[in-house]
1. Name the residue from Ser96, Ile126, Ile138 whose Cα lies farthest towards the positive end of the charge dipole of the stretch 57-185, charges +1 on Cβ of Lys and Arg and -1 on Cβ of Asp and Glu.
2. Roughly how many percent of the accessible protein surface of the chain is carbon and sulfur, given a 1.4 Å probe and a whole-percent answer?
3. What is the ratio of the Cα radius of gyration of the stretch 37-78 to 2.2 N^0.38 Å, with N the residue count, to two decimals?
4. What are the extents of the Cα atoms of the stretch 49-196 along their three principal axes, listed from largest to smallest and rounded to whole Å?
5. At 4 °C and 1.567 mPa s, grab the translational diffusion coefficient of the stretch 78-119 from Stokes-Einstein with a Kirkwood Rh over Cα pairs, rounded to a whole number in µm² per second.
6. Taking only C-alpha pairs under 8 Å that are 6+ residues apart, what is the relative contact order of the chain in percent?
7. State, to one decimal in nm, how far the label point of Lys122 lies from the label point of Ala183, with both points 7 Å from Cα in the Cβ direction.
8. Which entries in the list Lys82/Lys181; Lys71/Lys136; Lys47/Lys139; Lys107/Lys173; Lys71/Lys143 go over 18 Å, if you measure between the two C-alpha atoms of each?
Amino acid sequence: MKINNSLINYYQEVSSDAPAPGGGSVCAYLIGLSIGLYLMSLRVSIKRKKFLELEEKIQNKVKSDIEQLEKINLDILTYVDKDIEVFNNFMKAYRSKEEQQILKETKNCFMSPYNVLLNLFKASDIMLDNYQYVVKSIKSDLKISLIMLDALYKATKENIEVNVINNDEELLKLKNEAYDKMAFYQNKISEVMNIL
């Protein structure tokens, strides 16, 4: 499993002449790192005096949000491997020339980055709700996390776009709804960056 590989091994596989791991796997990995950096910023901040002086109710909510964000992020990271598996299944179907199997695996290629995106929406809700608790001394890490997330929204959109089956109304509907939601979160990230 790639997720348990060392970073160097993963890099060597990505930079090799093999088609997988490719963009979907790399996006999932980088999203995981971006959220991880955000989590670090928040975890450092909740140990500081300023945070510990807040109402207990707020402290408990933020700590609960951290746990929830960690779970979401671990799910996103499973797509480092899932995306490779989906691509390999597609290539197997493509070689078989069985039209129904190719169609099925093409839909799976769409659903992999789409599911990452759904998780990213959930993660963004939590992140955009708690950024104000990050202390000044570590805001640069928070900013880097948000800059990366904005770019990774665009990259995930590309992974979805390349796998859209144009005559599949269900996939087109999912895509359009996701893109509308994505625009909302990218605007929110931009607003937060202007505040920071």
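1. Value: Ile138.
2. 53
3. Expressed relative to 2.2 N^0.38 Å, the Cα Rg reads 1.26.
4. In descending order, the Cα extents are 64, 25, 24 Å.
5. Approximately 125 µm²/s, per Stokes-Einstein.
6. Relative CO of the chain lands at 29 percent.
7. The answer from the label model is 2.6 nm.
8. Pairs exceeding the cut-off: Lys82/Lys181; Lys71/Lys136; Lys71/Lys143.
The values are calculated or read from the model by the stated rules, or taken from the named source; none is laboratory data. Being a predicted model, the structure only gives us computed values, none of them experimental. Cβ sites come from the backbone with ideal geometry, for glycine too, and all protein chains shown count toward neighbours. Heavy atoms of the whole protein, side chains included, go into the accessibility calculation; ligands, DNA and RNA do not. Shrake-Rupley method; radii C 1.70, N 1.55, O 1.52, S 1.80 Å.
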